[in-house]
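This report refers to the structure that appears directly beneath it.
What follows is calculated from the coordinates using simple rules that are stated; it is not laboratory data. None of the values given here were measured: they were computed from a predicted structure.
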Amino acid sequence: MSSIDTSSASGAGAATARPTLAAACFLALLAATSVAAGADRQYDGPMLNLTVGKAAILDSGDQPTRYGLEYRGRSFTRWKIIPAVGLAVSESGASFVYTDLRHDFWLSDRWALIPSFGVGVFDDGENIHLGNEIEFRSGLEAAYRFHGDYRVGLAFFHLSNGGLSDQNPGTEVLVVSLCIPLRRHSSTTRT
């Protein structure tokens, strides 16, 4: 098996700015975007998100399969921020336990863009070494809502330690997701 080269840092200045830039973009997107018409009718309760995909997709070497389980809570604040906690494991033995914040930007009654930003604890696997146990996760998901509020999506994430250590290779993940509502919202209307 090949392994991801972690012998050099990926540019300390750029690496340190990644989490800050991702958080700033997330907040700017929240402030600048108005929620699509009809978004108040969208399901706003807790969800269970199951994912499968590939890790290290932009790195040379192996791209291990990655599986994830995530609990998304009910939105809060007037900006409808959604808290989430999750666990991701790869076939190479790497694991990531995290918490993050996200927001559903409804583009229509069925389509949503979901930016997220979080932090977690990463345990290296056979071929993914990220330079620190503390890793930041920023991502974007495009999701389609089916009848019954089930969602299927495609999500892209970047993991980086944000320059907390001398080595900060970072990695990217691409997953397909299935989001399952955990309770029905009685005021939700469907077409």
List, in order, the whole-Hz ³J(HN,Hα) value for each residue of segment 121-130 obtained from phi through the Karplus relation with A = 6.51, B = -1.76, C = 1.60 and θ = phi - 60°; use x for Gly and Pro. 10, 10, 10, 4, x, 4, 10, 10, 10, 9
Dividing the alpha-carbon radius of gyration of segment 63-111 by 2.2 N^0.38 Å, where N counts its residues, gives 1.46
